[in-house]
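Below: the structure, in structure tokens.
The values are calculated or read from the model by the stated rules, or taken from the named source; none is laboratory data. This is a predicted model, so every value here is computed, not measured. Here the Cβ positions follow ideal geometry from the backbone for every residue, glycine too, while neighbour counts run over all protein chains shown.
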Amino acid sequence: MTEPSSIKWRQLAAELRSKIQDGTYPPGSTLPQLKAYASELGIHHETVRTAYKDLEKEGLIRTIQRRGSVVLEPPVRRRITRGVTITRDPARGYVFPAASRPDEPWQVHGRPFRMDVPAPSQVTDEFDLDPGVEVLRRRRVTSPAGEPPFQLVDTWLSPAAVASAPRVAEPSPGPGGYLDRLEEAGHGPIDWGEEIFRVRTADRDEAKLLEIAQSVPVLESTIVGRSALSGKPIEVTIRVIPGDRVELVGKLQRGESAQWPVDPVEVPAKID
């Protein structure tokens, strides 16, 4: 296979990036068909493919079967000031720290669904189950109204939780959702400890649902809820957000040792 010239594909990527930004290729349009474009430019098709892959990594385009390389809407990068306070809305139930602003409407993309599927190790480890055991997963894709998919949220419910509160497996668990049903079954108040973050690449299903390329990094956060009845984990919620759509913000403050003005330090006298 002929290796694409680094200079050529970088130049081509830069030209296409400029054309996307100036509106020559607006959102929803497709870039030229790969081999035909390579022939038109008089370069190897692998050079064009590499340039397209670079644009895909940046989130500018997405390869869609039977459509080609489609130009995406510029992502809205949202700044998240990570809080630690869980609140409650009379209409929705518990509200966790997120990227939303007060009273901002959010929408669901597609239909939320639930199914028993093989759980990842981070879930089976929390539930003390054998690797690959099927666990109930509730999955939904949401975003602020009018924006492309912003986050994929998977909530895994332990077999013990489902057995004690069967309604958590229903499409609509009722007011307050599955969390209220768990607490009503005796698990309340649920204790949510630390939120764990990591950066990784998306798997194929996640990329499809979030409408991104698999090469785009995602931010994953995990929260574990423990039962007040048993002290054991009964629900694990994993949130996945495309890396080009979010910025995490934290407020810095001075500790006791960093107060200003600085106390003068007494230097021992030099002994000759």
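Can you spot a residue in region 30-38 that is assigned to a strand (DSSP E or B), over 25 Å from the mean Cα position of the chain (by Cα), modelled with pLDDT of 80 or more and surrounded by 13 or more Cβ atoms within 10 Å (Cβ to Cβ)?
Yes, because at least one residue in region 30-38 is assigned to a strand (DSSP E or B), over 25 Å from the mean Cα position of the chain (by Cα), modelled with pLDDT of 80 or more and surrounded by 13 or more Cβ atoms within 10 Å (Cβ to Cβ).
Could you tell me which of the residues Leu72, Leu179 is surrounded by 16 or more Cβ atoms within 10 Å (Cβ to Cβ), within 20 Å of the chain's Cα centre (by Cα) and not β-branched (Val, Ile, Thr)? After applying the criteria, what remains is Leu72.
Only strands (runs of 3 or more DSSP E) whose full extent lies in region 197-272 are considered here, and the ones with at least 1 residues that are in the same structural domain as Phe150 (by TED's automatic domain parsing) and at pLDDT 95 or above are 217-226, 233-242. Within region 16-27, the only residue that satisfies the criterion of being assigned to a helix (DSSP H, G or I), more than 12 Å from Tyr52 (Cβ to Cβ) and charged (D, E, K, R) is Lys19. Scanning region 134-168 for residues that are of a type in the set (Gly, Ala, Ser) and surrounded by fewer than 18 Cβ atoms within 10 Å (Cβ to Cβ), we see that the one that is farthest from Ser221 (Cα to Cα) is Ala163.
In this structure, Gly193 does satisfy being of a type outside the set (A, V, I, L, M) and surrounded by 10 or more Cβ atoms within 10 Å (Cβ to Cβ). Among residues of region 37-48 that are closer than 15 Å to Gln11 by Cβ and touching a residue at least 24 places away in the same chain (Cβ under 8 Å), those with a beta-carbon under 6 Å from a residue that is small (Gly, Ala, Ser) and buried (at least 17 other Cβ atoms within 10 Å of the Cβ) at least six positions away or on a different chain give the pairs Val48/Ala38. Out of all the residues in region 176-196, is one or more of a type in the set (A, V, I, L, M, F, W, C), in a helix (DSSP H, G or I) and not assigned by TED's automatic domain parsing to the domain that holds Tyr94? No, there is no match, as no residue in region 176-196 is of a type in the set (A, V, I, L, M, F, W, C), in a helix (DSSP H, G or I) and not assigned by TED's automatic domain parsing to the domain that holds Tyr94.
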